[in-house]
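All remarks here apply to the structure that follows.
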């Protein structure tokens, strides 16, 4: 049996094929598409997305829908390649509104190859394998089990072209007084799109990235400034400026692949991407509501101020998978990212959503994303104050935030439980 080689070349000859539905194994949901089938040395064929319905978070997709997860699971089971069958809607449901570059998640396991087939390609595959195309669909009731496509094999040969760009993450720390190897991370990305490109339609070709994400980087700097004034915390606090987020979270993935501080004793990641720029809000939206207990800690702090934690209200965007907190979450570290409030104290949700849509539509990933003296930083200060208190409580306590029972990341964190329970 051939194993994946990570040599920059795909070279697979007459590999057997296995159809594995959505390619999902989710024990917390009682779901296992693979069953007992052996995929070692084979190519796994899966359907894009994930099952519909409340079992898989309804309108908010889970990590199981991503090509990155499907590749990881196939690789973990010994497969050499992955073929994803795209439906008539293409990647619309799986991606939400995410950028095209997010389709294949950076950091995914290095199979020999990952390929996609459209409806016509799916029909040809079914014909070659001698099966009804209707059988190449994902189950919706949890009873589906993978099966071999015995009538066909797959041969693939391709080489990658690799461009190497050098950039850097920047880390600083306040070392803990009692448990310095237990770490809370505040993160933000310092990169943006650069100069020129397809988005630059006018004379101004400089993408300043003032909101996205100079606002987040200054948030982390101010967090470091204020926390350095407090009594030295018992746990270490790290302030991380991540590179290459706009290229696919590459800086955060690089850190998680080779962490400066062990992930098993990293307490949490608190990520700041695009601070809210508005008057005061009642709500504190977060990405991935329902994922871990950090949101409960944040909600308690918010309610003491007459505010409340909510979801981001935009399931079509797939926001939980689109910033530097996500590589931490994927590696099992509880991660939190607050977002922009839309329940304005002055004007309520009608005014809040109108303001959000106007700003996002006008400046997101545009040269017009520039600093302005008329920015209202009230909500930014409100949110940063809550995040300050959250991080300081974690740094001076012995709590280990946990993933909630339905989270897909709990099983990853559980693998390192011994490193925390021995403390």
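Derivation of every value follows stated rules applied to the coordinates shown; laboratory data play no part. The structure displayed is predicted, hence computed values, not measured ones.
Just to be sure I follow: if Rg is taken over the C-alpha atoms of the range 252-362 and Rh is the Kirkwood radius over the same atoms, what is Rg/Rh? For the range 252-362, the value is 1.01. Hull volume per residue, based on the alpha-carbon atoms of the chain and their convex hull, is 155 Å³.
Computed over the alpha-carbon atoms, the range 1-85 gives an Rg to Rh ratio of 1.00, Rh here being the Kirkwood radius from the mean inverse distance. Can you classify the range 178-316 as rounded, prolate or oblate using the Cα gyration tensor, where a ≥ b ≥ c are the square roots of its eigenvalues, rounded means a/c under 1.5, and otherwise it's prolate if a/b beats b/c and oblate if not? Oblate.
When the helix-only estimate is applied to the chain (DSSP H runs of n ≥ 4, each -39,500 (n - 2.57), divided by the residue count), what is the mean residue ellipticity at 222 nm, nearest 500 deg cm²/dmol?
-7500 deg cm²/dmol
Taking 25 °C and 0.890 mPa s as conditions, the range 170-421 diffuses translationally at an estimated 132 µm²/s according to Stokes-Einstein applied to its Kirkwood radius (Cα pairs). What shape does the range 324-396 take by its C-alpha gyration tensor, where a ≥ b ≥ c are the square roots of the eigenvalues and a/c under 1.5 counts as rounded, a/b above b/c as prolate, and the rest as oblate? Prolate is the answer for the range 324-396, as a/c is 1.5 or above and a/b outweighs b/c.
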